[in-house]
Amino acid sequence: MLSCTPRHLAALLLVLPLSMAGALPASASAYASTVSTAEDSDGDGVPDSGDGCPTVPAGNPTGCPTVSRKASLTWLDGKQRLQVRISSAETACVARARIVVWRVRPDRDFKVAGANASFSGRARFKVPRRARYYVSVSPSYSPGVAECGRATSRTVRVPR
């Protein structure tokens, strides 16, 4: 019978193809089965050592679920500002989200301003009047919580 240290066994398991798994000694097979079950406790295919959310199964490379966001844009007439509100089921996806304000042009939209939202998911922008605007929110990753998706608001016309 072949005897191996755990270090040699781990190297052997990396080198051997799966079709040869039956040819391993009994101790090697037992070690391989405990290693494979201990590496991924939530069963999503991402090893716990690199899994951002080791107790929640998700099919993302980070191991965390994807959470959607919604961006709303309104013109505050009394304040003469555009107000952005970000909403999501996960509060970590709302706080400090990266926002970009775009001005709609016939040939190509261009970036007017960029900022981070407040912890409550709000931001206000002073913009030139007589134009149309929309905002986009960049996707982000909140470690240990979720992958926060991209969001785009509807277009808002700012009056004279």
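The values are calculated or read from the model by the stated rules, or taken from the named source; none is laboratory data. Just so we're clear, the structure is a prediction, and the values are computed from it rather than from any experiment. Cβ coordinates were reconstructed from backbone atoms using ideal geometry, including for glycine residues, and neighbour counts include every protein chain displayed.
Each row is one residue, and each column tells you yes or no for (1) more than 17 Å from S138 (Cα to Cα); (2) touching a residue at least 24 places away in the same chain (Cβ under 8 Å); (3) among the basic types (K, R); (4) not in a loop (DSSP other than H, G, I, E, B).
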| residue | (1), (2), (3), (4) |
| --- | --- |
| S41 | yes, no, no, no |
| P47 | yes, no, no, no |
| C53 | yes, yes, no, no |
| G63 | yes, no, no, no |
| K79 | yes, yes, yes, no |
| V84 | no, yes, no, yes |
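Say whether the condition of being modelled with pLDDT of 75 or more, of a type in the set (A, V, I, L, M, F, W, C) and surrounded by 13 or more Cβ atoms within 10 Å (Cβ to Cβ) is met by at least one residue in the range 26-44. Looking through the range 26-44, none of the residues is modelled with pLDDT of 75 or more, of a type in the set (A, V, I, L, M, F, W, C) and surrounded by 13 or more Cβ atoms within 10 Å (Cβ to Cβ).
For the range 93-121, name all the residues that are among the hydrophobic types (A, V, I, L, M, F, W, C), in a loop (DSSP other than H, G, I, E, B) and buried (at least 16 other Cβ atoms within 10 Å of the Cβ). Write out each step before concluding.
Within the range 93-121, the subset among the hydrophobic types (A, V, I, L, M, F, W, C) is 93-95, 97, 99-102, 104, 110, 112-113, 115, 117, 119.
Okay, now just the ones that are also in a loop (DSSP other than H, G, I, E, B), so 94-95, 97, 104, 117, 119.
Matches in the range 93-121: V94, A95, A97, A117.
Quick one: T91 ticks every box in (1) without any contact (Cβ under 8 Å) to a residue 24 or more places away in the chain; (2) farther than 29 Å from S41 by Cα except a single one, so which number is it? If we test T91 against (1) without any contact (Cβ under 8 Å) to a residue 24 or more places away in the chain; (2) farther than 29 Å from S41 by Cα, just (2) comes out false.
Of the residues A123, A71, A89, only one is among the aliphatic types (A, V, I, L, M) and closer than 30 Å to E39 by Cβ; which? Step through it out loud before you land on a result.
Details: A123 fails: closer than 30 Å to E39 by Cβ; A71 fails: closer than 30 Å to E39 by Cβ.
The match here is A89.
Would you be able to tell me the number of residues in the range 134-153 that are crowded, with 16+ Cβ neighbours inside 10 Å and either under 22 Å from R108 (Cβ atoms) or not assigned by TED's automatic domain parsing to the domain that holds T91 (or both)? Adding up the residues that qualify gives 6. For K70, state whether it is modelled with pLDDT of 90 or more, surrounded by 13 or more Cβ atoms within 10 Å (Cβ to Cβ) and either part of a loop (DSSP other than H, G, I, E, B) or basic (K, R) (or both). Yes: the conditions hold for K70.
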